[in-house]
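Please read the structure below before turning to the comments.
The values are calculated or read from the model by the stated rules, or taken from the named source; none is laboratory data. From a predicted model like this one, the values you see are computed outputs, not experimental measurements. Note that we place each Cβ from the backbone using ideal geometry, even for glycine, and neighbour counts take in every protein chain shown.
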Amino acid sequence: MNFDFPTILVVATLVTGLIWAVDVLMWAPKRRQQAAALGAGGAGIDPGRVEATLKEPTLVEYAKSFFPVILAVLLLRSFLVEPFRIPSGSMMPTLLVGDFILVNKYAYGIRLPVVNKKVMELGEPERGDVVVFRFPRDPSIDYIKRVVGVAGDHVVYQDKTLYINNEKVAQIPAGSYIGTGSGLSMSGADLRSEVLGDVKHDILVVNGVGGVSTDVVVPEGHYFVMGDNRDNSNDSRYWGFVPDGNLVGRAFMIWMNWDSAAGGVGWDRIGDSIN
């Protein structure tokens with residue numbers, strides 16, 4: 001089950017803010033009037049009764065307490081940084097199962113939460129960027145892949161080799177991959193170094209596994225993405241392009257790793273940048 005957390009945050013912010021505002025404008029003045037009326041009688045007034053009259057209702061107390069916190073989380077998560085967890089091995093060896101990553105939400109423009117409408121242009125994805133996006137076939141699911149082609153690029157993937165605009169993207173052999181934990185099954189795969197744009201990164205290729213051939217031109221406002229685990233990734237080769245409107249942000253750091261199959265916390269990955 002997928003929870004629409006952004007919508008929940010927006011609704012919670014509106015509800016708590018509205019309760020606080022109604023109290024300031026309507027309920028609090030009435031309480032003060034009632035307390036003043038009690039004090040107008042002179043001596044013999046019970047201070048405890050006056051205090052009880054001025055006391056904020058429990059609902060208002062909770063709203064005033066939670067509103068600033070929820071608003072701060074909403075603003076931080078919507079416009080600055082959002083955490084994600086990597087559930088699969090499609091981006092190995094760059095990202096491992098159990099990695100918790102941070103995503104820059106403003107790298108590709110400021111977007112309104114829930115409606116995801118871009119209101120300010122700040123930049124666009126470049127080849128080599130690791131991006132989080134809403135899966136075009138089911139926008140309730142977030143995917144993470146590497147941008148291989150931008151608008152106008154002629155992308156060819158054949159015999160496990162990538163060509164961009166008729167130029168071969170070099171793959172430098174780097175030995176055999178040694179997997180751990182949930183990625184143990186990838187041990188023995190070919191580890192290769194690849195450069196896309198200014199980004200040098202590693203990929204995995206499994207010998208003996210047939211690859212999907214692709215020959216496309218990326219349309220305007222779209223991106224062609226692939227996983228670094230080239231033979232174990234559900235990406236643009238299978239379902240097409242990522243529209244600009246589906247972008248969530250650029251992944252830039254691993255802040256935690258937890259893989260029970262590897263014994264728990266992967267301390268050596270904490271704080272690693274994502275290239």
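Here region 200-254 is the region considered, the condition is being aliphatic (A, V, I, L, M), over 21 Å from the mean Cα position of the chain (by Cα) and in a strand (DSSP E or B), and the residue that is nearest to Ala151 (Cα to Cα) is Val217. In region 229-243, the residues that are in the same structural domain as Ile141 (by TED's automatic domain parsing) reach residues that are part of a strand (DSSP E or B) and polar (S, T, N, Q) with C-beta atoms within less than 9 angstrom, at least six apart or across chains, in these pairs: Ser236/Thr214; Arg237/Thr214.
Can you report the number of residues in region 52-63 which are surrounded by fewer than 16 Cβ atoms within 10 Å (Cβ to Cβ) and assigned to a helix (DSSP H, G or I)? Residues that pass the stated criteria total 6.
Any residue in region 195-202 that is farther than 21 Å from Val97 by Cβ and of a type in the set (Gly, Ala, Ser)? Checked region 195-202: at least one residue is farther than 21 Å from Val97 by Cβ and of a type in the set (Gly, Ala, Ser).
Residues checked against (1) under 44 Å from the mean Cα position of the chain (by Cα); (2) more than 20 Å from Lys117 (Cα to Cα):
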| residue | (1), (2) |
| --- | --- |
| Ile19 | yes, yes |
| Leu25 | yes, yes |
| Ala37 | no, yes |
| Glu51 | no, yes |
| Leu71 | yes, no |
| Val81 | yes, no |
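Within region 72-113, being out of contact with any helix residue (DSSP H, G or I) (no Cβ under 9 Å at 6 or more places or on another chain), aliphatic (A, V, I, L, M) and in a loop (DSSP other than H, G, I, E, B) holds for Leu80, Ile86, Met91, Leu95, Ala107.
Residue selection: Ile101 fails the criterion of being hydrophobic (A, V, I, L, M, F, W, C), surrounded by 15 or more Cβ atoms within 10 Å (Cβ to Cβ), under 15 Å from the mean Cα position of the chain (by Cα) and modelled with pLDDT under 95. Ala170 falls short of the stated requirement of being over 17 Å from Glu194 (Cα atoms), among the small types (Gly, Ala, Ser) and more than 19 Å from the chain's Cα centre (by Cα). Looking across Leu76, Leu122, one residue alone is in contact with a strand residue (DSSP E or B) (Cβ under 7 Å, 6 or more places away or on another chain), without any contact (Cβ under 8 Å) to a residue 24 or more places away in the chain and surrounded by fewer than 19 Cβ atoms within 10 Å (Cβ to Cβ). It is Leu122.
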